[in-house]
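A.B. asks: What follows is a single structure, and I will ask about it in a moment.
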Amino acid sequence: MERPFLCEDCESTLTAIKDGYCDVCGRGYEPPLMGAFPCSNCKDRDLDFDFAVSAWRSGGVARELMHRFKYGKQVHLSRLMGSLLSVVWQDKRLHRSRWILVPIPLHPRRLRERGFNQSREIAVEILGRAPDGVELELMDILKRTRHTKKQAQLDRSERLRNPSGAFAVKTSRLTKRFKRSEEELNVLLIDDVMTTGSTVSECAAALREALEPSWIAAISVLRG
């Protein structure tokens, strides 16, 4: 698959998460192990999403590209991020007839600083990359209710606590429609980088409380 803005030499350094990973949070095992089973990151934790899938390991070129995209304001790299993320469709658990794509929201203060929401830009790019038989619809139905520190600047214990209670579902015609509908509601959260899964879990908790979806999954370009 052709990757926009990425040469073959750089692409060859990327490591896909496919040869052994946690079947809950999507964490890749190092060294790779055969099969998918829960990892130490998920042990004794009540995560509110059903499963998560990450495309690539963070580090090296992958991490540098993401850094340029988010902090260097190179928004054009969203095309590359969408292309990189599309490998998650290899996971057959994602092959449901319809998903509502919900990007992880930024706090208004962070959005003003950055100028764009990287997760939403990635979500837009993934819309046209679903496999046959999978319908995707993008909806911005989540909001941040408080400003939080950047997860990348925190240690593991701080990352677990940092996003607690930081998300809520926007009340709108869309959410009211879901509450009245009897159709199966499947929500696919879109993130740029997953680490502990705490942010995604907090988003999922808000969605479960407000909408009671049948499934909540998450996909991310990188796994830290």
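A.B. asks: Sorted by mean Cβ packing within 10 Å, highest first, what order do the peptides 49-61, 195-207 take?
C.D. replies: 195-207, 49-61
A.B. asks: Separate question: To make sure I understand, if each residue's beta carbon is the centre and we count other beta carbons within 10 Å, what order do Thr171, Thr15 fall in, fewest to most? Spell out each step's value before the answer.
C.D. replies: Working: Thr171 10, Thr15 15.
In increasing order of surrounding Cβ atoms, one gets Thr171, Thr15.
A.B. asks: In what sequence do Glu125, Glu183 fall when counting other Cβ within 10 Å, fewest first?
C.D. replies: Ranked by crowding around the Cβ, least crowded first: Glu183, Glu125.
A.B. asks: Still on this model: From the convex hull of the Cα coordinates of the chain, what is the mean projected area in square nanometres?
C.D. replies: Result: 12.2 nm².
A.B. asks: Quick check on the exposure proxy: order Met139, Met66, Met194 from fewest to most C-beta atoms within 10 angstrom.
C.D. replies: Fewest-to-most Cβ neighbours within 10 Å comes out as Met139, Met66, Met194.
A.B. asks: Taking 0.36 nm per intervening residue step and subtracting the Cα-Cα distance, what contour gain separates Cys7 from Asp132 on full extension?
C.D. replies: 42.2 nm
A.B. asks: For region 8-78, treating each Cα as an identical point scatterer without solvent, what Debye log10 I(q)/I(0) comes out at q = 0.23 1/Å?
C.D. replies: The Cα Debye sum returns log10 ratios of -1.00.
We did not get these values from a lab; they are worked out from the coordinates using the rules stated. Just so we're clear, the structure is a prediction, and the values are computed from it rather than from any experiment. Methodologically, a virtual Cβ is constructed for each residue, glycine included, from the backbone with ideal geometry; neighbour enumeration extends over all protein chains shown.
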